[in-house]
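Please read the structure below before turning to the comments.
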Amino acid sequence: MQWWQPSITGRRPQPRKTHATALMGDRIFVVGGHDGGNWLDDMHLLDICTSFAARARFGFVPLLRFRVTV
């Protein structure tokens with residue numbers, strides 16, 4: 001096994017901690033967390049087949065989330 005850093009296109013999420021992460025099919029979802037100064041209420045996805053990142057939008061704004069599981 002060898003670690004490597006893929007070339008990601010699209011909009012990456014900002015650095016954060018205490019977020020939740022889930023793998024669903026070929027996509028990794030990152031939800032909420034804390035950026036060192038603010039609690040976050042966003043969701044991002046990364047398609048692991050195409051290396052494309054985007055902010056996920058579902059028609060509503062989720063409540064602030066931190067230290068959660070999905």
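Dipole magnitude of the chain about its Cα centre, charges +1 at Lys/Arg Cβ and -1 at Asp/Glu Cβ only, in debye to the nearest 20? Could you put the intermediate results ahead of the total?
Values: 9 positive and 5 negative charges, 24 e Å.
Once rounded to the nearest 20, the dipole reads 120 debye.
What order, most packed first, do the peptides 9-20, 29-40, 47-58 have when packing is the mean number of other Cβ atoms within 10 Å of each residue? List each step's numbers first, then the result.
Values: 9-20: 14.1, 29-40: 16.2, 47-58: 12.4.
In decreasing order of mean packing, 9-20, 29-40, 47-58 become 29-40, 9-20, 47-58.
Applying the Karplus parametrisation 6.51 cos²θ - 1.76 cosθ + 1.60 with θ = phi - 60° to the phi angles of region 43-53, what ³J(HN,Hα) value in whole Hz is obtained for each residue in order, glycine and proline being reported as x?
So the Karplus estimates, Gly and Pro as x, are 9, 10, 9, 10, 7, 6, 7, 9, 6, 9, 10 Hz.
Non-local amide H neighbours of GLY10 (under 5 Å, H modeled in plane, Pro and chain starts lacking H): which ones?
When sequence neighbours closer than 5 places are left aside, the close amide H contacts are ALA53.
With a 1.4 Å probe and all protein chains left in place, how much of the accessible area of the chain comes from carbon and sulfur atoms, in whole percent? Could you put the intermediate results ahead of the total?
Working: 3150 of 5470 Å².
Ligands and nucleic acids excluded, carbon and sulfur give 58 percent.
Just one of (1) 18.0, 52; (2) 12.6, 40; (3) 14.2, 49 is Rg and Dmax of the Cα atoms in Å calculated from these coordinates, so which is it?
Given (1) 18.0, 52; (2) 12.6, 40; (3) 14.2, 49, the calculated one carries the label (2).
Using a 1.4 angstrom probe, figure out how much accessible area the chain has per residue, in square angstrom, rounded to the nearest whole. Working shown, then result.
Working: 5470 Å² over 70 residues.
Value for the chain: 78 Å² per residue.
The values are calculated or read from the model by the stated rules, or taken from the named source; none is laboratory data. The shown structure was predicted, so the numbers you read here are calculated from the model rather than taken from an experiment. Every residue, glycine as well, gets a Cβ built from its backbone with ideal geometry; the counts of neighbours run over all protein chains shown. All accessible areas refer to the heavy atoms of the entire protein, side chains included, with ligands and DNA or RNA removed. Shrake-Rupley method; radii C 1.70, N 1.55, O 1.52, S 1.80 Å.
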